[in-house]
Amino acid sequence: MKAVLFGASKGMGRALARLMAARGDRLFLIGRVSEDLERSARDLEIRGAPAPVMTAFCDLLNPESFAPALDRAERELDGFNAVVVTAGMFATQEEMETDPQLAARVLAADFTGTVLFCEEARRRLLATGGGTLCVFSSVAGERGRKPVILYGAAKAGLSKYLEGLDHKFRARGLRTVCVKPGFVKTGMTAGLKPPPMAGQPEAVARRVLRAIDRGRPEVYAPAAWRGVMCIIRNLPRFVMRKIEF
Amino acid sequence: MTLQPHRSKLSGWGRFPVVDGLVLKSEDLPAATEGATLSRGLGRSYGDSSLPAGTDLPVADATLADRLLGFDPASGMLRAEAGASLFELNRVFLRRGWFVPVSPGTQFVTLGGMVASDVHGKNHHVDGCFGEHVRGLKLRVADGRIIECSDTAEQELFRATIGGMGLTGHILEVEFPMRPIPSPWIWSESQRVENLDLMAAGLKEAAREWPMTVGWIDCLARGAKLGRGILMKGRWAQPDEAPKKPPPLKGRLRVPFQFPGIALCKPNMKAFNLAYYWKHIQPCRRGIVHPDAFFYPLDALDDWNLIYGRRGFTQYQCVLPHADGNGPARRFLERFVSAGGMGFLCVIKDCGAEGKGMLSFPQPGISIAMDFPIHPTKTPALVDRLNELVIAEGGRIYLTKDTFTRPEHFRAMEPRLEAFNAVRRKWDPEVRIRSAQSVRLLGDSA
Ligand SMILES: Cc1cc2nc3c(=O)[nH]c(=O)nc-3n(C[C@H](O)[C@H](O)[C@H](O)COP(=O)(O)OP(=O)(O)OC[C@H]3O[C@@H](n4cnc5c(N)ncnc54)[C@H](O)[C@@H]3O)c2cc1C
Ligand SMILES: NC(=O)c1ccc[n+]([C@@H]2O[C@H](COP(=O)([O-])OP(=O)(O)OC[C@H]3O[C@@H](n4cnc5c(N)ncnc54)[C@H](OP(=O)(O)O)[C@@H]3O)[C@@H](O)[C@H]2O)c1
């Protein structure tokens, strides 16, 4: 596999990149902080990714950076057949309610930025006969919930967009994989109280990599969240108004 | 966005004491340590070494900073971020034929923790502590600067940091050579030993021929059986004796809940010690074993510290110089039993030369480590009695295991403390970097 990884410097993206490195996939890293990407690149080389692992600048809040980053990746890898997006921002509902600028950034990164990036990526994948576009959305997008109204709205939009891509382009070879993580213990959630079913990034990464290999359009991780969200999706409105989940 | 600290209950592996800490956790360790007063790794030290001095003094959790930054397959030299765990290193390197020069008895430790405690392993008698092998450290010191230190640059700071229990600064990166191994399997021999004299003699003899040795003793046996146990020896297997396949990743079981206190009554402990001894039914066993089974037998059970119940437990580890044969070890075990001590596991190991770390634990002699559940009044009294004996014998305790030692006892066993304090004062005159342990033992302010 020749993969472009957006957001592999941290969290679940780092864990997934390590699994891909260990099996010898060719990797290209894109992200915001070049010096930090270089350190991740060395880590992945030591773990088995064919050297050199190259990097390019790309910022979700700067759509102009998308095309050049993917062009670089295309040149360096001599074409790619997978793009994985784990880049994303999180802020709590309270933080965003009190800080509209923060809300604007999260919405712009997690919805507009991610979608526009995916547009660039899927055009390139389709041009070379298809490939995998794996994007991390969230269970937060499954239902309007009190603790994640704004973040959840962005992720809901993202999930719907990815679903549409799958419907339209699967037949032409684009395998869209929408990942819906539940609570996973990463730096993003370090300040939050973990629920009993909190997952570890590495276990999530293993599950996601299987989904990528099989071209599953949708994957919940940890797996238990599939059942949880099935219940949540079906709870009547008056219950959702009462509970704090 | 600047990194926000969050509240979290913190404790060491013994689950006592527990503090409501303020934690800074990020892949970006330089950012996490910027406002922190202490760093911690996987919390495998038993007592209060990894706990902040106060509930509002932020502590940096290094575990997400776990990247490998450079590896030279010709020399084995590895540089990595301080939060990288030994578990990860083993997973990446063991099957490629490399192993750390020194490994403690669990792989759930970070490189930062291995340096800060200057850990020792079954090969101490030949290879010394981990710190002997460290070539360089990147350290954030109290005034915020980030400094490279080694035996040639800021040597004092380097040597105070090795075994310095995190009190000289935040370790950001560690550089040391991995060691080539002939195969990833272990050839081991173990034998049942009837008493302490035979155990001590066995360790001494084994040390001449084997690169790795350790003994387990039944710390409840008395009289003629005092010090009976199992003596274990090992070396890396040669390719022609080892299985062709690399050792499989072992599944681990998990202790699902905290055990009730009663699980640790004396009869149960006796039964455990007896079973462990007699499980080794043949007087001598030899053969190829999985490296995890050899180095990390306890890691097979996740969260095994829950077995000790609500009050938690502690480990007492000391090293006693060999001045008169195994007299010191005998007196120690007798004191332990007579002072009402009882424990599950007691590990005995002959240590080699003292290392370069200014406060590093091992010295030539015999090291004894034992775990016991905490009783609010009896345990501090027991530790006092043991410490009095250790002082009289000219020995010292291992800070990374300690929870109850009094400052006056610690000073009495540590003539090296003054020199360590001087280096610490030089780099941190306001004593910003401190821990719950340094408040207890070194008189730092809380
Ligand atoms: C089952 C078991 C077996 C063990 N066997 C052995 C053994 O055989 N030999 C041995 O020597 N030890 C042994 N230990 C002890 C263990 O190796 C040490 O306590 C080790 O330091 C734990 O590493 P950690 O990453 O969990 O550090 P923590 O417990 O989190 O911290 C330990 C100390 O290191 C400091 N520290 C951690 N990270 C940093 C950093 N980045 N910068 C500065 N300071 C830092 C902390 O401040 C603290 O003082 C054992 C422990 C267990 C639980
Ligand atoms: N953790 C969870 O519980 C959870 C649950 C549901 C969904 N998710 C989603 O899963 C994905 C991964 O989460 P995680 O927990 O692994 O997060 P993480 O550890 O915080 O990692 C996020 C990654 O995104 C990058 N990033 C952030 N903002 C960016 C920007 N503006 N431009 C470019 N890159 C940016 C970060 O890179 P730098 O900061 O280094 O630039 C980092 O590599 C995210 O989309 C998240 O929303 C997570």
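A Förster radius of 51 Å, combined with the Cβ-Cβ distance separating B:A323 from B:E241, puts the computed FRET efficiency at roughly 0.80. Between B:A381 and B:K266, residue separation times 0.36 nm minus the direct Cα-Cα distance comes to 39.6 nm. Comparing the full protein assembly with the isolated chain, the residues of region A:174-220 losing at least 10 square angstrom of accessible surface (1.4 Å probe) are A:G187, A:A190, A:G191, A:E202.
Summarising the label geometry, the points placed 7 Å from Cα in the beta-carbon direction at B:R145 and A:E244 lie 4.8 nm from one another. Remark: C-alpha extents of region B:251-358 on the principal axes read 45, 39, 38 Å, sorted largest to smallest.
Scaled against 2.2 N^0.38 Å for its residue count N, the alpha carbon radius of gyration of chain A is 0.98. Beyond 23 Å in Cα-Cα separation lie the following of the pairs A:K193/B:K25; A:K193/B:K9; A:K242/B:K25; A:K10/B:K25: A:K242/B:K25. Taking 0.36 nm per residue of separation and subtracting the current Cα-Cα distance, fully stretching the chain between B:L301 and B:E156 would add 48.2 nm.
Simple point charges give the picture: +1 on the Cβ of Lys and Arg, -1 on the Cβ of Asp and Glu, and for region A:116-245 a dipole about the Cα centre of about 280 debye.
Go through B:K225/B:K266; A:K2/B:K250; B:K204/B:K244 and tell me which ones have a Cα-Cα distance over 24 Å in this structure. Result: A:K2/B:K250; B:K204/B:K244 exceed 24 Å. Counting only Cα atoms, the size of region B:264-315 along its three principal axes is 40, 24, 16 Å, in decreasing order.
Selection among B:F336, B:T403, B:P373 by position relative to the dipole of region B:330-446 gives B:T403 as farthest towards the positive end (Cβ unit charges, Cα centre). Between B:S445 and B:A293, the C-beta separation translates, for a Förster distance of 45 Å, into a calculated FRET efficiency of about 0.50. With the helix formula -39500 (n - 2.57) applied to DSSP H stretches of n ≥ 4, the protein assembly as shown reaches a computed 222 nm mean residue ellipticity of -10000 deg cm²/dmol. Label positions at A:A127 and A:R226, each projected 7 Å from the Cα along the C-beta direction, are separated by 3.6 nm.
Setting aside same-chain residues fewer than 8 positions from A:K185, which aspartates and glutamates have a Cα under 17 Å from its Cα? Answer for A:K185, where 17 Å is the Cα cut-off: A:E202, B:E27, B:D28, B:D61, B:D66, listed by chain and number.
Summing +1 for each Lys or Arg and -1 for each Asp or Glu among the other residues whose beta-carbon sits under 14 angstrom from that of B:Q282 gives +3. Name the residue, out of A:I46, A:I212, A:I231, whose mean-square fluctuation peaks in a Gaussian network model built on chain A with Cα pairs under 10 Å. Looking only at A:I46, A:I212, A:I231, the biggest GNM fluctuation is shown by A:I231.
Per residue, how much accessible area does region B:220-373 show when a 1.4 Å probe rolls over the protein heavy atoms, in square angstrom? If you can, show how the numbers build up before the last one.
Working: 7110 Å² over 154 residues.
Using a 1.4 Å probe on heavy atoms only, each residue of region B:220-373 averages 46 Å².
Under 5 Å between amide hydrogens, built in the peptide plane, is the criterion, and for B:N195 it picks out B:G229 among residues at least 5 positions away or on other chains.
Can you tell me the FRET efficiency between A:A203 and B:A275 if r is taken as the Cβ-Cβ distance and R0 is 41 Å, rounded to the nearest 0.05? All intermediate terms of the calculation are to be shown ahead of the outcome.
On the way: r = 34 Å, r/R0 = 0.83.
Between A:A203 and B:A275 the formula returns 0.75.
Between B:I366 and B:L320, B:H322, B:C351, the built amide H atoms are under 5 Å apart, and every one of these is 5 or more places off in sequence or on another chain. Evaluated with a Cβ-only charge set (Lys, Arg +1; Asp, Glu -1), the protein assembly as shown carries a dipole of roughly 2560 debye about its Cα centre, given to the nearest 20. Couplings 3J(HN,Hα) for region B:279-295, derived from phi with the Karplus relation 6.51 cos²θ - 1.76 cosθ + 1.60 (θ = phi - 60°), are 4, 7, 5, 6, x, 9, 10, 9, x, 7, 10, 5, x, 5, 5, 7, 7 Hz, where x marks Gly and Pro. The distance linking region B:346-422 with region B:254-320 is 22 Å (Cα centroid to Cα centroid, whole angstrom). Across all directions, the shadow cast by the convex hull of region A:107-245 built on its C-alpha atoms averages 8.7 square nanometres. Approximating the spin labels as points 7 Å out from Cα along Cα→Cβ, the B:D56-to-B:R95 distance works out to 5.1 nm. The residue list B:P184, B:L226, B:P211 was ranked by how far each Cα lies along the charge dipole of region B:175-228 toward its positive end, using unit charges on Cβ atoms, and B:L226 comes out on top. Evaluated with a Cβ-only charge set (Lys, Arg +1; Asp, Glu -1), chain B carries a dipole of roughly 1340 debye about its Cα centre, given to the nearest 20.
The values are calculated or read from the model by the stated rules, or taken from the named source; none is laboratory data. Since we're looking at a predicted model, the values are computed, not measured. Using ideal geometry, Cβ is built from the backbone for each residue, glycine included, and neighbour counts are taken over all protein chains shown. Note: areas computed on protein heavy atoms with side chains; ligands, DNA, RNA excluded. Shrake-Rupley method; radii C 1.70, N 1.55, O 1.52, S 1.80 Å.
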